[in-house]
1. Going residue by residue through region 60-73, is there one that turns out to be in contact with a His (Cβ under 7 Å, 6 or more places away or on another chain), surrounded by fewer than 23 Cβ atoms within 10 Å (Cβ to Cβ), touching a residue at least 24 places away in the same chain (Cβ under 8 Å) and farther than 14 Å from Ile125 by Cβ?
2. Scanning region 132-144 for residues that are in contact with a helix residue (DSSP H, G or I) (Cβ under 6 Å, 6 or more places away or on another chain) and either surrounded by fewer than 24 Cβ atoms within 10 Å (Cβ to Cβ) or among the small types (Gly, Ala, Ser) (or both), which turns out farthest from Val59 (Cα to Cα)?
3. Of the residues Ala129, Ala150, which is surrounded by 14 or more Cβ atoms within 10 Å (Cβ to Cβ), among the hydrophobic types (A, V, I, L, M, F, W, C) and within 12 Å of the chain's Cα centre (by Cα)?
4. If Ser140 satisfies all but one of (1) of a type in the set (S, T, N, Q); (2) in contact with an Asp or Glu (Cβ under 9 Å, 6 or more places away or on another chain); (3) more than 19 Å from Arg86 (Cα to Cα), what's the number of the condition it fails?
5. Condition (residue is of a type in the set (Phe, Trp, Tyr), in a loop (DSSP other than H, G, I, E, B) and modelled with pLDDT of 95 or more) applied to region 92-101: is it met by at least one residue?
6. Considering only residues that are assigned to a helix (DSSP H, G or I), in contact with a Ser or Thr (Cβ under 7 Å, 6 or more places away or on another chain) and among the charged types (D, E, K, R), which ones fall in region 111-166?
7. Output the residues belonging to region 48-91 that are part of a loop (DSSP other than H, G, I, E, B), over 16 Å from Asp146 (Cα atoms), among the small types (Gly, Ala, Ser) and over 11 Å from the mean Cα position of the chain (by Cα).
Amino acid sequence: MKKTIIKKIIASSMFALLPMSPYANDVVVDKSIGMELARDIANETISACRDDGFHVSAVVVDRFGLMRAALRDDLASRFTLEIAQRKANMTVMAWTDSGAFKNARSDIQQELNHIQGLIVMEGGIRITAGGYNIGAVGVSGAPGGDKDAACAQTALSKLSERIEFAIDD
């Protein structure tokens, strides 16, 4: 009986030593893409596609899938905006480029396409800075998702130095 009481006292005192606050997560700091960088990525993506003769829309979302910038080229269909956003959201959900996800998980592609805001198509590219996933860019309107993705890659390459130094550790 005495051993049980001693064990309870030791366990209680050990528990008291642990720093536990019910308010530990009241403020969460995250690293996500800012509006200016998002706007410039969308603009550069559309410019890259224009250089190739394509009229597209580009949507940049943050790490949570919230839209930060959306641009539609003058001659791009209005539907390209929604498709671009859904590609970007797919990229954020999977944290891999949407084309790579499409190739790796064809078994669940149809199910995911029924989820509002997602589409499993090539053309969504991750945006990373300092090792953090800070967002994604989705592109739609070129004749093929590979061309959409190439425009986004061109834009990200052009802005790579700015993106890499966007995160202060």
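The values are calculated or read from the model by the stated rules, or taken from the named source; none is laboratory data. This is a predicted model, so every value here is computed, not measured. Cβ: placed from backbone, ideal geometry, glycine included. Neighbour counts: every protein chain shown.
1. yes
2. Among residues in region 132-144 that are in contact with a helix residue (DSSP H, G or I) (Cβ under 6 Å, 6 or more places away or on another chain) and either surrounded by fewer than 24 Cβ atoms within 10 Å (Cβ to Cβ) or among the small types (Gly, Ala, Ser) (or both), the one farthest from Val59 (Cα to Cα) is Ala142.
3. Sole residue among the options that is surrounded by 14 or more Cβ atoms within 10 Å (Cβ to Cβ), among the hydrophobic types (A, V, I, L, M, F, W, C) and within 12 Å of the chain's Cα centre (by Cα): Ala129.
4. If we test Ser140 against (1) of a type in the set (S, T, N, Q); (2) in contact with an Asp or Glu (Cβ under 9 Å, 6 or more places away or on another chain); (3) more than 19 Å from Arg86 (Cα to Cα), just (3) comes out false.
5. Taking every residue of region 92-101 in turn, at least one turns out to be of a type in the set (Phe, Trp, Tyr), in a loop (DSSP other than H, G, I, E, B) and modelled with pLDDT of 95 or more.
6. Asp148
7. Ala76, Ser77
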